[in-house]
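Accompanying notes for the structure given below.
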Amino acid sequence: MFTKRPLDYYILWSVAATSLLLNIFTIATLLSVRQQAGIAFANAAKSLEAVKTSRVEYMVKIDKEIPFAANVPINLTVQIPINQTIPLDTTVNVPIRTPLGTFPIEVPINTKIPINFTIDFPINKSFPIATNVPVKMDVPIVINLGETSFGKSVEDLQAMLSKLAKDLGQ
């Protein structure tokens, strides 16, 4: 029943069997690598969530003198009210001409002169100001990474990694 076959026949079958076993091993290894890659992509997508919700906080210390120079124009009219009574107590010599000659007559004046008016006083001037202004403060800087263009890029990368993980069975 069994006839003797040539040696190449057995070598060919052993090569075919070895090839089949190597292919099965390769496929099993590739499936394992695929599963591990899916897990890695899923973990990377979860890690990016923390990056997307994180924020950068920094305190900027400012201790500077800032030079300031300007011309400040003032163009306005100020109304100055004057309401006063000026007393007048004097004697005035008034010459009177008559046909007999000129005679000086002393006229006493004792009165009060009321003054009541408003003076418009225009001011139109530029005043130069030059000084150094000291600025000393701490300015907190807070950047939410999710609200920047970097956050959008991280979100896109996270979606891509999640899709890859899903395509790989995770």
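In units of the rule-of-thumb radius 2.2 N^0.38 Å, the stretch 115-170 shows an alpha carbon radius of gyration of 3.16. Taking the C-alpha atoms only, the angle from helix 7-53 to the longest principal axis of the chain is near 20 degrees. Give me the percent of Cα-Cα pairs in the chain that sit more than 23 Å apart, rounded to a whole number. Summing the P(r) tail past 23 Å for the chain gives 79 percent. Residues in the stretch 1-61 average 89 Å² of solvent-accessible surface per residue, probe 1.4 Å, ligands and nucleic acids excluded. With a Cα cut-off of under 27 Å and a minimum spacing of 8 residues unless on different chains, the lysine pairs in the chain number 10. Per-atom-type breakdown for the chain gives carbon and sulfur 64% of the accessible area (1.4 Å probe, protein chains only). Mean separation of Cα pairs under 8 Å and 6 or more residues apart, divided by the residue count, gives the chain a relative contact order of 37 percent. Principal semi-axes of the equivalent ellipsoid, √(5λ) from the alpha carbon gyration tensor of the stretch 1-84, are 96, 15, 13 Å from largest down.
Accessible surface calculations at 1.4 Å, restricted to protein heavy atoms, place the stretch 96-140 at 92 Å² per residue.
The values are calculated or read from the model by the stated rules, or taken from the named source; none is laboratory data. No experiment lies behind these values; they were computed from the predicted model shown. Please note that ligands, DNA and RNA were not included when accessible areas were found on the heavy atoms of the full protein model with its side chains. Shrake-Rupley method; radii C 1.70, N 1.55, O 1.52, S 1.80 Å.
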